[in-house]
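J.: Below you'll find the structure I mean.
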Amino acid sequence: MPRDLSELTPAGPATPLPLERLYRHCDEAELAFETTNDLEPLQEHIGQDRAVDALEFALQIPHEGYNVFLLGSTGVGKRELLDSVLGGLLKSPETASREEASDWCYVNNFDFPDRPVALRLPRGKACQLREDMNRAVEELLGLLPSTFQSDEYQARVQELGETYQDKEKEAFQALGEKASAAGVAMIQTPSGYTLAPMKDGEIITPQAFEAQPEEDKDRVMKVIEELKQELKVIVRQLPGWKKDSRNAFRELNQEFSKIAIDPVLKELKDKYGEFPAVLAHLDAVHTDVLEEAEAFTQVQEESAIPENLKNRVKEFPQYHVNVLVDNEALDTAPVIYEDSPGFSNLIGRVEYVSQMGTLVTDFNLIKPGALHRANGGYLILDADKLLTSPFAWPALKRALKAREIRIQTLEQLFSFVSTVQLQPEPLPLDVKVILQGDRYLYYILEQYDPEFATLFKVAADMSEEVVRKPESTVLFARLIRTLQERKQLLPLDRSGVARVIEHAARRMEDSEKLSLHRGRLGNLLTESDFRARRAGASVISAGHVTDAALAAINRLDQFREKSHEGILREIMLVATSGTAVGQVNGLAVYLLGDYAFGRPTRITATARLGSGKVLDIEREVDLGGNIHSKAVMIISALLASRYARNRPLPLTASLVFEQSYGGIEGDSASVAELVALISAITDIPVRQDLAVTGSLNQHGQVQAIGGVNEKIEGFFDICNARGLSGSQGVVIPAANAVHLMLRQDVLDAVSAGQFQVYSADTIDEALALLTGYSAASIDSRVLERLEELDELRRKFTRQGDDKDDG
């Protein structure tokens, strides 16, 4: 039955937080301008000194492994900061003194065609070499046919032909004369030469030959046999003579080919004489063209027309120059941002074309990757995209460790196929890699990838906030001016800038800090500009900014409305008036992406005779998270330390979030839970027109929590919908007072005395606010109740002993 409360000492009058502590307005006197058009755009990096120092250090130090990871949330302005820092570095004398970026190209390896040769050339020279080689092939297509059609060449060819024909003819003629003198005829047939006996200058028939004396026959056969042997000797010499003839013709062709080739290639060698690798390639080209000169002499109809010669250059891809990287247009080191850092996009690839149903390739189909384009400069990659691209992260690490770019397919890398594939010569790598991403990615890599720390030795951590003071307020106004200029927005007047600054403090949940999140700031300015233009205004004022901020909330506010609707229809039970024992209005915050809202929730407790255990029902059914379970344990320890330090606690209590059908996490309900417990133990009612939030430690100190603005506004919305009584309010940790940046309708209600916000440093203050009685008298009531429970326990113990004796 209810206990007499008259013995309790009423608490002193509670003093709510003054209105000025609930919202820190931006003093427009600090803004010495009429509109942002009067301001200079911000060139420096507000609040990013640490990140800038780290970037400048990492990007300038020449030693291996000093790549950089730029930490910051999405939208904080990582890319803008990088562009600014890199722009300054590229203009500095120290960076300008670095070796300028080179051009890279691949050319044919005539000895091993599957291993193309890489050439490094000064900036702008690769395309020149390509054009010069194409022009040289074009010239050869015109010169070689005319050279081989010249009268001199034809005369030399005829002379050589006659020389070897005469030599053969003379050999057979001499043998024929010798045979004739011996009475034997040498007859040429389609299948070769044959020998036949003669008499009186006429070939005799086989019958006539058989009719001759044996002595004459033996003599003739002996002569024929000797002549056959001599004929065989001559026939055996014929291939050698033909080989000599071919060699002579080849030498003749090379002699005349050199007449056409040497001047063309000498011009190239003179032009590229300072590049030994190019000279070696030109020597290889010279040798190959000499061997393949006949291909240049195959003159097609009307092929002497210059346009047709240019088309015929494509018939000789082995002499082309595949320009991999052309830095001719760059005045500084290359800065490459790779938006899609896949495996092939990073290290390059070899493409294939289909010919006669077969896939073929050559060095002309080698394509560069981001590492090639950034070589000698800076490569910017998004860490999340890199890590989610299959095999891209290992490929980048291999390249950075080996300091070379080796173009490989995944089939080659994992030996999936055994077919012959191109193996381009690796390129030496000199690049600074900047990974940009969220902090959790950096710390995951630092923890689980041992190679990460050796390759990315510098972390540039971007600040998400800046301390709010007059100097930073002016800089923030200039940042607004920068975004206004970049996005081509209307200027903001002082009231508009002040409201944007206040909104930035609200975003940080801290009245003494400003959010540096450029993405959200840019969105707010863009939407404010839209509303100002639609209203026909020439400047963006505070009203436009407020409307834009409220509209952004309204677009995501349906879930909050449905949640509050359940309370207002009393489907979800939350009282906002009267008192109740063992029942407290706690406050929860719900995070939905970039949107958060608060909602009151009923927390109840029961207490009875027991063994000192505080039962966390949420934990028992696996709805309570680890932090919430820790908070309940702290409450249990605080309860025992405060009221039963020298004896067992003779009660069992239970705690629960009523009508909670999802997980509960966090310790911000610790104060509400302990107040509910003490109320249940003492039967002291708790005010239901107040809600409370706050964490506790074991000494009863109230600690700060998150989402304080949303929590206050959530309870206010319910009270306001039911009708403000003037006594309603919220109790928050005193440490959270600095975080207050409440909505205007809450401020108006506080100003009118219809709603209050209280702060508490200790559980004693919270108890006094929520019960209306002093903590000392409440403690006495708790001790009194514990004595009663102790007596009950002793009574039951004695009764049990008596039964045992009986």
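J.: Please find, among Ser759, Ser780, Ser725, the residue that is of a type in the set (Ser, Thr, Tyr), surrounded by 15 or more Cβ atoms within 10 Å (Cβ to Cβ) and not in a helix (DSSP H, G or I).
T.: Going through Ser759, Ser780, Ser725 in turn, just one is of a type in the set (Ser, Thr, Tyr), surrounded by 15 or more Cβ atoms within 10 Å (Cβ to Cβ) and not in a helix (DSSP H, G or I): Ser759.
J.: In addition: What tally of residues in region 102-126 results from selecting those that are β-branched (Val, Ile, Thr) and open to solvent by 10 Å² or more (accessible area, probe 1.4 Å)?
T.: Filtering region 102-126 for residues β-branched (Val, Ile, Thr) gives 107, 117.
Retained after the next criterion (residues that are open to solvent by 10 Å² or more (accessible area, probe 1.4 Å)): 117.
Result for region 102-126: 1.
J.: Against the condition outside any loop (DSSP other than H, G, I, E, B), open to solvent by 70 Å² or more (accessible area, probe 1.4 Å) and either under 27 Å from Ala676 (Cα atoms) or at pLDDT below 85 (or both), how does Leu767 come out, does it pass?
T.: no
J.: Something else: Restricting attention to region 554-567, and to residues there that are hydrophobic (A, V, I, L, M, F, W, C) and surrounded by 14 or more Cβ atoms within 10 Å (Cβ to Cβ), which single residue is nearest to the chain's Cα centre (by Cα)?
T.: Leu556
J.: Right, another one. Keeping to region 590-612, report how many residues are open to solvent by 50 Å² or more (accessible area, probe 1.4 Å) and within 26 Å of Glu509 (Cα to Cα).
T.: So the answer is 5.
J.: Go through region 327-343 and give me each residue that's in contact (Cβ under 8 Å) with a residue 60 or more places away in the chain, in contact with a helix residue (DSSP H, G or I) (Cβ under 9 Å, 6 or more places away or on another chain) and open to solvent by less than 80 Å² (accessible area, probe 1.4 Å).
T.: Result: Asn327, Thr332, Ala333, Pro334, Val335, Tyr337, Phe343.
J.: Only residues that are within 16 Å of Asp510 (Cα to Cα), of a type in the set (A, V, I, L, M), out of contact with any His (no Cβ under 9 Å at 6 or more places or on another chain) and open to solvent by less than 10 Å² (accessible area, probe 1.4 Å): list them for region 680-715, please.
T.: Ile712
J.: Follow-up question, since we're still on this one. Just checking, how many residues over region 436-445 are outside any helix (DSSP H, G or I) and open to solvent by 80 Å² or more (accessible area, probe 1.4 Å)?
T.: 0
J.: Going by the structure shown, is Ala126 at pLDDT 90 or above, of a type in the set (Gly, Ala, Ser) and over 30 Å from Gln43 (Cβ atoms)?
T.: So Ala126 fits the description; yes.
J.: Out of curiosity, is Val278 in contact with a Phe, Trp or Tyr (Cβ under 7 Å, 6 or more places away or on another chain) and either in contact (Cβ under 8 Å) with a residue 60 or more places away in the chain or not in a loop (DSSP other than H, G, I, E, B) (or both)?
T.: Criteria met by Val278.
J.: Just to be sure I understand, how many residues within region 61-83 are assigned to a loop (DSSP other than H, G, I, E, B) and over 19 Å from Lys397 (Cβ atoms)? Reasoning before the result, please.
T.: Keep residues of region 61-83 that are assigned to a loop (DSSP other than H, G, I, E, B), which gives 61-65, 67, 72-77.
Now narrow it down to the ones that are over 19 Å from Lys397 (Cβ atoms): 61-62, 72-77.
Residues that pass the stated criteria total 8.
J.: Just for helices (runs of 4 or more DSSP H) wholly inside region 446-545: which have at least 1 residues that are open to solvent by 10 Å² or more (accessible area, probe 1.4 Å) and closer than 29 Å to Gln60 by Cβ? Step through it out loud before you land on a result.
T.: Numbers: elements: 452-455, 470-487, 494-508, 518-534.
Output list reads 452-455, 470-487, 518-534.
J.: Quick one: count up the residues across region 352-382 that are open to solvent by 60 Å² or more (accessible area, probe 1.4 Å) and in a helix (DSSP H, G or I).
T.: 1
J.: Can you find, within region 732-756, the residue that is most open to solvent (accessible area, probe 1.4 Å) among those that are of a type in the set (D, E, K, R) and farther than 21 Å from Gly586 by Cβ?
T.: Our first condition is that a residue be of a type in the set (D, E, K, R); within region 732-756, this holds for 743, 745, 748.
Subsequent filtering for residues that are farther than 21 Å from Gly586 by Cβ retains 745, 748.
Working: Asp745: 63, Asp748: 84 Å².
This residue is Asp748.
J.: Being touching a residue at least 40 places away in the same chain (Cβ under 8 Å), among the basic types (Lys, Arg) and open to solvent by 70 Å² or more (accessible area, probe 1.4 Å) is the filter here, so list the residues in region 783-795 that pass it.
T.: Listed by number, the list holds a single entry, Arg793.
J.: Please work out which one of (1) out of contact with any Asp or Glu (no Cβ under 7 Å at 6 or more places or on another chain); (2) open to solvent by less than 90 Å² (accessible area, probe 1.4 Å); (3) touching a residue at least 40 places away in the same chain (Cβ under 8 Å) is the condition Glu44 fails and give its number.
T.: (2)
J.: What do you reckon, is Val584 in a strand (DSSP E or B), of a type outside the set (Ser, Thr, Tyr) and in contact with a strand residue (DSSP E or B) (Cβ under 6 Å, 6 or more places away or on another chain)? Can you show your working first?
T.: Values: in a strand (DSSP E or B): yes; of a type outside the set (Ser, Thr, Tyr): yes; in contact with a strand residue (DSSP E or B) (Cβ under 6 Å, 6 or more places away or on another chain): yes.
For Val584, the condition - in a strand (DSSP E or B), of a type outside the set (Ser, Thr, Tyr) and in contact with a strand residue (DSSP E or B) (Cβ under 6 Å, 6 or more places away or on another chain) - is met.
J.: Among the residues of region 150-172, are any modelled with pLDDT of 70 or more, in contact with a helix residue (DSSP H, G or I) (Cβ under 9 Å, 6 or more places away or on another chain) and surrounded by 20 or more Cβ atoms within 10 Å (Cβ to Cβ)?
T.: Within region 150-172, not a single residue is modelled with pLDDT of 70 or more, in contact with a helix residue (DSSP H, G or I) (Cβ under 9 Å, 6 or more places away or on another chain) and surrounded by 20 or more Cβ atoms within 10 Å (Cβ to Cβ).
The values are calculated or read from the model by the stated rules, or taken from the named source; none is laboratory data. Computed from a prediction, not measured in an experiment: that's the story for all the values here. FYI the Cβ positions are ideal-geometry reconstructions off the backbone, even for glycines, and counts take in every protein chain you see. Accessible surface is based on the protein model in full, side chains and every heavy atom, while ligands, DNA and RNA are left aside. Shrake-Rupley method; radii C 1.70, N 1.55, O 1.52, S 1.80 Å.
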